[in-house]
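Chemist: So that we are looking at the same thing, I have put the structure below in structure tokens.
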There are 2 protein chains.
Amino acid sequence: MADLNKLLTPLFLNEKEIRKIIELMFFAYRDFTSGPDALLEKIDFGRAHHRVIYFVGKKEKITIKELLSILQITKQSLSRVLNQLVKEKYIILSIGEDKRTKNLTLTKKGHELENELSTIQIEKIKKILKDSDEDNISGFKTLLYEMIDDKNKIKFDKLNY
Amino acid sequence: MADLNKLLTPLFLNEKEIRKIIELMFFAYRDFTSGPDALLEKIDFGRAHHRVIYFVGKKEKITIKELLSILQITKQSLSRVLNQLVKEKYIILSIGEDKRTKNLTLTKKGHELENELSTIQIEKIKKILKDSDEDNISGFKTLLYEMIDDKNKIKFDKLNY
DNA sequence: ATAACTAAGTCAATATGGCTGACCTAAATA
DNA sequence: TATTTAGGTCAGCCATATTGACTTAGTTAT
């Protein structure tokens, strides 16, 4: 049976090949986030601050509820990080049309930090994309997308409508 | 100049496209690890335990030093997690040829947990690979590999020699 | 108009997974 | 013999997350 599997399983479905992908995800994600992490440390922020700044930059006037739904953390967890960002004037809160809600917006200072952080990752990706053909790039994006849970694919799509 | 950029920059080098990749990495990695995370919680373990079990399973008789070099955490951080795994008999330590070193090996119990955890991720990947053509798969692996820092590419290569 | 629901905020306690620094033992090596 | 290396440990600290209980104010449905 083991031999039969060897004959019938396509090369890319071998467990060894799949384990390679598990490791690639681990190494790639860690190194992809290490650049921003180092910069954040200097200003006593962490990855959590980056995420908030990133998504507030992505969607101007995002509400707390939307942010929580993207980040999938608790209100209490977000609160600590967000309060720091507001106190240090990276983000401003304003009351929304529905007066129960609040709209988050990056300040100039916030945009500058967002830009510094994103630039690190953007440049890294640019370097890779420049040396890759379009088929590889499209495969990369497609398979990453497929790794997202269905319920979260919708959230990703909404961010990129 | 902005117009000139629009004309000269290939579509896949647009900032918008690159930001999509940043988000794909965030969503994909989180959802990729959520399966094992849920299982680990039931037995009061965390992601750190998973990593240790994974790499001990990957490389029988791995030493503490090698493990630290892969995980890139401190000895003290590893210690807490590893001691639990040894105490609960998922891993056994034995003295290496160089008597200063120790070889880590999964017990039967350890293999079973490793298998349960990995199966979740392997099945997820299998499903994706079955619906993808080989070019896409190869692009996915190539670009993930390129996201790894050069010094860590060597470590990845050694794991998969 | 009132009841129910929703968005946001807060207090407190807890867990996990990292970190630094200091210090130790035993074995290998120069 | 002196130094380096592999591993271990104690103590304290920090960041990021959790759960649960509770409040306020605004919106919506009956």
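The values are calculated or read from the model by the stated rules, or taken from the named source; none is laboratory data. These numbers were taken from a predicted model, which means no experiment stands behind them. Quick reminder, even Gly has a Cβ in these numbers, built from the backbone with ideal geometry, and neighbours come from all protein chains shown. Each accessible area value is taken on the protein alone, full model and side chains, heavy atoms only, with ligands, DNA and RNA left out. Shrake-Rupley method; radii C 1.70, N 1.55, O 1.52, S 1.80 Å.
Chemist: Looking at (1) within 15 Å of DNA strand D (Cβ to nearest atom); (2) of a type in the set (S, T, N, Q); (3) open to solvent by 70 Å² or more (accessible area, probe 1.4 Å), find the lone condition where B:Asn115 falls short.
Modeler: (1)
Chemist: Another question about this same structure. Can you tell me how many residues within the stretch B:36-66 are among the charged types (D, E, K, R) and touching a residue at least 40 places away in the same chain (Cβ under 8 Å)?
Modeler: 4
Residue-by-condition table, conditions (1) within 14 Å of another protein chain (Cβ to nearest Cβ); (2) surrounded by fewer than 16 Cβ atoms within 10 Å (Cβ to Cβ):
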site	(1), (2)
B:Leu13	yes, no
B:Arg30	yes, no
B:Leu40	no, no
B:Asp44	no, yes
B:Gly57	yes, no
B:Lys65	no, yes
B:Ser77	no, yes
B:Glu88	no, no
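Chemist: Continuing with this model, one more query. Please give the number of the condition A:Phe55 fails out of (1) under 15 Å from B:Glu23 (Cα atoms); (2) among the aromatic types (Phe, Trp, Tyr); (3) out of contact with any strand residue (DSSP E or B) (no Cβ under 7 Å at 6 or more places or on another chain).
Modeler: Tallying (1) under 15 Å from B:Glu23 (Cα atoms); (2) among the aromatic types (Phe, Trp, Tyr); (3) out of contact with any strand residue (DSSP E or B) (no Cβ under 7 Å at 6 or more places or on another chain), A:Phe55 fails exactly one: (3).
Chemist: Examine the stretch A:135-143 for a residue that is surrounded by fewer than 16 Cβ atoms within 10 Å (Cβ to Cβ), more than 7 Å from chain B (Cβ to nearest Cβ) and on the phi < 0 side of the Ramachandran plot, and state whether such a residue exists.
Modeler: no
Chemist: Considering only the stretch A:112-134, how many residues are within 16 Å of B:Ile21 (Cβ to Cβ), part of a helix (DSSP H, G or I) and over 15 Å from the mean Cα position of the chain (by Cα)?
Modeler: Residues meeting the conditions: 7.
Chemist: Could you tell me how many of the residues in the stretch A:61-87 are touching a helix residue (DSSP H, G or I) at 6+ places or on another chain (Cβ under 9 Å) and either more than 13 Å from DNA strand D (Cβ to nearest atom) or among the aliphatic types (A, V, I, L, M) (or both)?
Modeler: 12
Chemist: Do the conditions hold for A:Ile128, that is, is it surrounded by 14 or more Cβ atoms within 10 Å (Cβ to Cβ) and in contact with an Asp or Glu (Cβ under 7 Å, 6 or more places away or on another chain)?
Modeler: yes
Chemist: Further question: Only residues that are acidic (Asp, Glu) and part of a helix (DSSP H, G or I): list them for the stretch B:92-111, please.
Modeler: Residues satisfying the conditions do not exist here.
Chemist: If you go through the stretch A:27-35 one residue at a time, do you hit one that is outside any helix (DSSP H, G or I) and free of Cβ contacts under 8 Å to residues at least 24 places away in the same chain?
Modeler: Scanning the stretch A:27-35, I find no residue that is outside any helix (DSSP H, G or I) and free of Cβ contacts under 8 Å to residues at least 24 places away in the same chain, so the answer is no.
Chemist: Additional query: Scan the stretch A:95-118 and give yes if some residue there is closer than 25 Å to A:Lys153 by Cα and in contact with a Pro (Cβ under 7 Å, 6 or more places away or on another chain), otherwise no.
Modeler: yes
Chemist: Quick one: would you say B:Leu24 is open to solvent by 20 Å² or more (accessible area, probe 1.4 Å) and either without any contact (Cβ under 8 Å) to a residue 24 or more places away in the chain or of a type outside the set (A, V, I, L, M) (or both)?
Modeler: no
Chemist: Answer with yes or no whether A:Leu104 is within 13 Å of A:Phe45 (Cβ to Cβ) and of a type in the set (A, V, I, L, M).
Modeler: Details: within 13 Å of A:Phe45 (Cβ to Cβ): no; of a type in the set (A, V, I, L, M): yes.
Judged against the criteria, A:Leu104 is not a match.
Chemist: Further question: If I filter the stretch B:72-115 down to residues being of a type in the set (A, V, I, L, M, F, W, C) and within 20 Å of A:Phe26 (Cα to Cα), which single residue comes out as nearest to DNA strand C (Cβ to nearest atom)?
Modeler: The qualifying residue nearest to DNA strand C (Cβ to nearest atom) is B:Ile73.
Chemist: Which condition number does B:Ser69 fail, the rest of (1) closer than 30 Å to A:Thr9 by Cβ; (2) among the hydroxyl-bearing types (Ser, Thr, Tyr); (3) open to solvent by 20 Å² or more (accessible area, probe 1.4 Å) being met?
Modeler: Going through (1) closer than 30 Å to A:Thr9 by Cβ; (2) among the hydroxyl-bearing types (Ser, Thr, Tyr); (3) open to solvent by 20 Å² or more (accessible area, probe 1.4 Å) one by one, B:Ser69 breaks only (1).
Chemist: To continue, here is another question. Tell me, which residue of the stretch A:147-160 that is surrounded by fewer than 20 Cβ atoms within 10 Å (Cβ to Cβ) and under 12 Å from B:Leu24 (Cα atoms) is farthest from the other protein chains (Cβ to nearest Cβ)?
Modeler: A:Asp157
Chemist: Here is a list: B:Ser118, B:Ser69. Which entry is away from DNA strand C (no atom under 16 Å from the Cβ), within 14 Å of chain A (Cβ to nearest Cβ) and touching a residue at least 60 places away in the same chain (Cβ under 8 Å)?
Modeler: Answer to the selection: B:Ser118.
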